[in-house]
Every structure is written in C-alpha cells, then in structure tokens.
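S.K.: Structure incoming, see below.
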C-alpha cells in the first residue's frame, strides 16, 4: 500500500508544481513556512515531532491539504513514511501516515498506521500576547504485531495525547524570523510504536519534546528537535531522539527537508544515526 501512496503523492507534487502560480494567487493565508512540514507521525510540525502549528497555510475560513513522503536511512534500519493531512479553518487538523520500518540485515519489515487529530485551542503563532497552543491525539495501530509481542510489549495499538505551544518572532535573534515549540506528550509507544505499546519496565510516561527553527532567508530555515521516549522494555533500551535540519520552501506549496537524525539504540542496535529526507506538497 505504501508504494501506491508514494505514487499518488508523487503525482500530487507534480500537479502542485505545475499549478503553483494559480494556487499561490489564491493562497493568501499565513506566511510561507509557518505551517511547518510533515512529521513522521503525519501531523504538521517538524520531522520528529508535531508542532502547535497546523498543516498547510490555510487561515480562518480556508481549508488546506498536504501530502508528503519521507525516507530515513539509519545504520541498521530504514523508515519509509507516506501520508496526508487536512486543515480546516486553521482550527482543526486531521492526519494519516503509513510507516514501514525495515531491518537491513534480513529485510524484515514492520508496518504501522497513525491517525491524528490536532486542535488549535488558543493564541496565534505570530501575533498577540498568547502563544499558539494546540492539543492533539494520535491513534496508532501496528499491522505486524509479532515483533512487538516477542520483545515484551503489552499491546499492539495505543493512543498518544499531547499539548503543544509555539511562538514565532519575525524579528528574532540576529534579526531573523525564528520559532520555538514545546510539547508535553503522554505515550506508551516503544520506538514510535513500531515495537508496540507498554512493557514490563513501565507502561507509560509523560515526555518533553522541543523544537527551534530560524529562517536564514525567506525560503531556507535551519533548526533542531529533541524528543524524549518512554523506555518501557527492560530487554531493549530506548534512547532520546534528536535531529538537526534544513528546510527549503521554494514557494508556499512545496517544501523539502533534509536532516541528520540521532536516534540512539533501537532494538538492541546501538547508535542509530543517519539521514532523513522529506518532500511535502500543500494546497
């Protein structure tokens, strides 16, 4: 299924690129780049974590749509993700992502579906005294639960809850547009859920997630993200995740993000570092 999704997304991105002048003339919503990109969970934000921003550049009384595909190449594993999201009136975001995790040594694969709902509760990213605050829920379902059960996970599906706050400054440090985001997440997920949910060491944990970004030009942003993870399994250590990224927004409809990711130990394999590439199209 993920290959069919990739073909659809590729066709969608081509369509967007062909009709960018037409689309941009009507897409007078938020400032370019302030919708972020697509996370590996499908929600709008950064690569590793969602942000309080909602996907696309739709403002009030507008609807927006994004589709994306992501590839991460680690030392011993790969992760492919394809998905899409909808923004309703810059208030509600619905998202979906299909993840496929591959073990390089034997080509074994684990697939997972992620469904998301995010609601902007109060505030504005750029204006006013209150930062933009959003609340989100992610419903996750493993399609291949055998590995999760073998390593001691208590369930093959789970639900994450998070609250997110973000603020952007047009004249930030070094007179550059900058943004800062922080999340609090309640989760049972082992390695983003790819190794199931819950375990014998603990069953859940509240985690902190942080992201910061700065625009070097109107089209290029750099930044970093940090994500705590639960470490629920006594047999398999789980480390925190970080990345440093560069995102290019050639126009309001296309973004390309490259990152170096440091995910620590995964399924007994230490120091899983590598590169991440994501392409998103937005309407």
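S.K.: So what is the relative contact order of segment 180-283, in percent, for Cα pairs below 8 Å that sit 6 or more residues apart? Present the calculation step by step, with values, prior to reporting the outcome.
M.R.: Numbers: 248 pairs, mean separation 20.5, N = 104.
Reported relative contact order: 20 percent.
S.K.: Is the shape of segment 39-138 best called rounded, prolate or oblate, per the rule: a/c under 1.5 gives rounded, else a/b larger than b/c gives prolate, else oblate, with a ≥ b ≥ c the square roots of the Cα gyration tensor eigenvalues?
M.R.: prolate
S.K.: Arranged by the count of other C-beta atoms within 10 angstrom, fewest first, what order do 40, 244 take?
M.R.: 244, 40
S.K.: Springs between alpha-carbon pairs under 10 angstrom, Gaussian network model over the chain: which of 128, 193, 36 fluctuates most?
M.R.: Of 128, 193, 36, the Gaussian network model singles out 128 as fluctuating most.
S.K.: Using Cα springs under 10 Å in a Gaussian network model of the chain, which residue among 144, 160, 171 shows the largest mean-square fluctuation?
M.R.: Taking springs between Cα atoms under 10 Å, the residue moving most is 171.
S.K.: Residue 175 to residue 235: FRET efficiency via 1/(1 + (r/R0)^6), r the Cβ-Cβ distance, R0 51 Å, to the nearest 0.05? Let's see the in-between values first.
M.R.: Numbers: r = 50 Å, r/R0 = 0.99.
Efficiency at R0 = 51 Å is approximately 0.50.
S.K.: If you don't mind, there's one more thing I want to ask. Going by C-beta contacts inside 10 Å, put 170, 49 in order with the fewest on the left.
M.R.: 170, 49
S.K.: Also: Quick check on the exposure proxy: order 107, 243 from fewest to most C-beta atoms within 10 angstrom.
M.R.: So the residues, fewest neighbours to most, are 107, 243.
S.K.: Top mean-square fluctuation among 39, 95, 59, Gaussian network model of the chain, C-alpha springs under 10 Å?
M.R.: Comparing 39, 95, 59 in a Gaussian network model of the chain, the most mobile one is 59.
S.K.: Just to confirm the number: angle between the C-alpha axis of helix 2-18 and the first principal axis of the chain, 0 to 90 degrees, nearest 10?
M.R.: With both axes taken from Cα atoms, the answer is about 10 degrees.
Each reported figure results from applying straightforward, stated rules to the coordinates on display, with no laboratory input. This is a predicted model, so every value here is computed, not measured. As a convention, Cβ positions derive from the backbone with ideal geometry for all residues, glycine included, and neighbour counts pool all protein chains shown.
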